[in-house]
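Visitor: The structure under discussion is supplied below as structure tokens; questions concerning it will follow.
The values are calculated or read from the model by the stated rules, or taken from the named source; none is laboratory data. Note that the structure is a prediction, hence the values are computed from the model and not measured. Note that each Cβ is placed from the backbone with ideal geometry, even for glycine, and that neighbours are counted across all protein chains shown. Just so you know, the surface numbers come from the protein's heavy atoms only, side chains and all, with ligands and any DNA or RNA stripped out. Shrake-Rupley method; radii C 1.70, N 1.55, O 1.52, S 1.80 Å.
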Amino acid sequence: MTDLLVPSTATLPQVRRLVTEVPGPRSRELMARRAAVVATGVSTTLPVFVERATGGVVVDVDGNSLIDLGSGIAVVNVGNSAPLVVEAVQQQVAAFTHTCFMVTPYEGYVAVCEELARLTPGDHAKKSALFNSGAEAVENAVKIARSATGRQAVVVFDHAYHGRTNLTMALTAKNMPYKQGFGPFASEIYRVPMSYPYRDQPGLTGTEAAARALALVETQVGAGNVAAVLIEPIQGEGGFVVPAEGFLPAIAQWCHQAGAVFIADEIQTGFCRTGDWFACDAEGVVPDLVTTAKGIAGGLPLAAVTGRAELMDAVHTGGLGGTYGGNPVACAAALASIETMRVQDLAGAARRIGDTMLPRLRALQERTPAIGDVRGRGAMIAVELVRPGTTDPDAGLAGRIARACHAEGVVVLTAGTYGNVLRFLPPLVIGQELLAEALDVVEAAFDTYAHSPGS
Ligand code: PLZ
């Protein structure tokens, strides 16, 4: 069967190597074709077209080998085309591609739900339903919470990101680019302040930040009206905001007392990214429902809602589903990804990545007044850029640093409500040398751009 495939990516040399300028001529040609037929609304971080990718590198159509510090936005935690994933997908795609689980079921879907019951926080009885995208999982978590509680209000946080569909746009905080012109938005969504240690008043504890948010819920919404509190345990698109210790447990505890469903959106943080299977694990927080996607299936589209069996089963038969949800090929990929994470201890690998990155970035912060904050956990690390001596966001500098890294062959992403956060999401299988080289490039970019006048 292997003879029929394009050359194996498993052998791609794990090096940064630029053979043209970035983007090269073939990528520029493809960008021109793209411009003619792809809607402008779909953006591009790096105008580089990919030919192959594995481990910690992405090779473009001009033959440039780039170091990947983005993982396709926290998706290929196991690396691109991870060997077990490739094998499982090939076998499944040759057996059958789709029947629709709601029509004639298959084992892979059930096996993924069994893994989710084992791996997600808490040892209570759990059930899952599978979907295609993160946004779809979040929408369904809200449907389940409303159905189970008979209530409607959903509480979300400043800087939150939950998707681009109509309900999830309403749940997402940031207007540009996600919401501008796309209203009207769904109702019964209430936004409260997040714990954001860098921007909160100094010394505000996690429990105090939780009390600040919950006081608003009690006075403006009414505890008895809250179907769910929905939160990313570490915010992703919002700028890798790590809440102060004690914040998440206090929110979870309040939900428990108020009879509201505590939903953790672990779509970006899940599957070993932060050094545990899930980010909630760090403080022993047990959500009632967890949404997952991205890292679950090594690059194939799959998402899930997992939670307390009695909540999940509150929905009438036929109330949840979708044509492709839990597609057999995506399920095979998920089982192989999870196996890879387990066998290769990718949670441990994520912790080692954090242990490498944080000290170097903190040392860089010492000599770079424009770096206001360095934060994150495991392999989910960010630096927040500001005007020296203030906390005023500097999105322009974040963009210049990102572009300088791209030009030198390192894929980095930006994030944040103010667009001033540079974020790093390396595949968890990245080699230490490659990671160190990527950090050399990042540091050099700062030394060039963060100290020059006018930056
Ligand atoms: N919840 C926490 O991070 C997706 C968005 C990229 P989908 N984040 C990447 C973009 O600009 O569209 C995300 C997330 C969290 C939900 C989602 C939505 O997941 O699979 O993109 O729908």
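Visitor: With respect to the numbered conditions (1) over 30 Å from VAL226 (Cβ atoms); (2) within 16 Å of the ligand (Cβ to nearest atom), which one is the sole condition not fulfilled by GLU87?
Guide: The one condition GLU87 does not meet is (2).
Visitor: Follow-up. Of everything in the range 22-43, what is surrounded by fewer than 12 Cβ atoms within 10 Å (Cβ to Cβ) and in a loop (DSSP other than H, G, I, E, B)? Give them in sequence order.
Guide: Within the range 22-43, VAL38, ALA39, THR40, GLY41, VAL42, SER43 meet the criteria.
Visitor: In the list THR45, THR54, THR120, which residue meets the criterion of being closer than 22 Å to GLY319 by Cβ and among the polar types (S, T, N, Q)?
Guide: THR120
Visitor: Is it true that PRO328 is within 30 Å of ALA129 (Cβ to Cβ), more than 21 Å from the chain's Cα centre (by Cα) and either away from the ligand (no atom under 16 Å from the Cβ) or modelled with pLDDT of 95 or more (or both)?
Guide: Taking the combined requirement at face value, the residue satisfies it.
Visitor: If you go through the range 250-263 one residue at a time, do you hit one that is of a type in the set (Val, Ile, Thr), in contact with a Cys (Cβ under 8 Å, 6 or more places away or on another chain) and at negative phi?
Guide: yes
Visitor: Restricting the search to the range 44-58, which residues are open to solvent by less than 60 Å² (accessible area, probe 1.4 Å) and in a strand (DSSP E or B)?
Guide: Matches in the range 44-58: ALA53, THR54, GLY55, VAL57, VAL58.
Visitor: Taking GLU232 as the residue in question, decide whether it is surrounded by 24 or more Cβ atoms within 10 Å (Cβ to Cβ) and acidic (Asp, Glu).
Guide: So GLU232 passes the test.
Visitor: Go through the range 341-361 and report how many residues are within 18 Å of the chain's Cα centre (by Cα) and charged (D, E, K, R).
Guide: Residues that pass the stated criteria total 1.
To keep it simple, each residue is scored yes or no on (1) in contact with a strand residue (DSSP E or B) (Cβ under 7 Å, 6 or more places away or on another chain); (2) of a type in the set (Lys, Arg); (3) surrounded by 18 or more Cβ atoms within 10 Å (Cβ to Cβ).
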| residue | (1), (2), (3) |
| --- | --- |
| MET380 | no, no, yes |
| ARG403 | no, yes, no |
| ALA415 | yes, no, yes |
| GLU433 | no, no, no |
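Visitor: Considering only residues of the range 273-284 that are open to solvent by less than 10 Å² (accessible area, probe 1.4 Å) and either among the basic types (Lys, Arg) or more than 20 Å from GLU237 (Cβ to Cβ) (or both), which is farthest from the chain's Cα centre (by Cα)?
Guide: The extreme case among them is GLY275.
Visitor: Sort through GLY298, GLY325, GLY376 and tell me the only one that's in contact with a Ser or Thr (Cβ under 6 Å, 6 or more places away or on another chain) and surrounded by 20 or more Cβ atoms within 10 Å (Cβ to Cβ).
Guide: None of the others qualify; the one that does is GLY298.
Visitor: If I ask for residues that are within 16 Å of the ligand (Cβ to nearest atom) and among the polar types (S, T, N, Q), which ones from the range 236-288 would you list?
Guide: GLN268, THR269, THR274 - these are the residues of the range 236-288 that are within 16 Å of the ligand (Cβ to nearest atom) and among the polar types (S, T, N, Q).
Visitor: Which condition does CYS100 not pass, out of (1) part of a loop (DSSP other than H, G, I, E, B); (2) open to solvent by less than 20 Å² (accessible area, probe 1.4 Å); (3) within 16 Å of the ligand (Cβ to nearest atom), if it passes all the others?
Guide: The single condition CYS100 does not satisfy is (3).
Visitor: Hey, another quick one. Any residue in the range 242-256 that is within 26 Å of ASP355 (Cβ to Cβ), of a type in the set (Gly, Ala, Ser) and crowded, with 24+ Cβ neighbours inside 10 Å?
Guide: No, the conditions are met nowhere in the range 242-256.
Visitor: Let me confirm something: among GLY63, GLY79, which residue is away from the ligand (no atom under 16 Å from the Cβ), surrounded by fewer than 19 Cβ atoms within 10 Å (Cβ to Cβ) and at positive phi?
Guide: The match here is GLY63.
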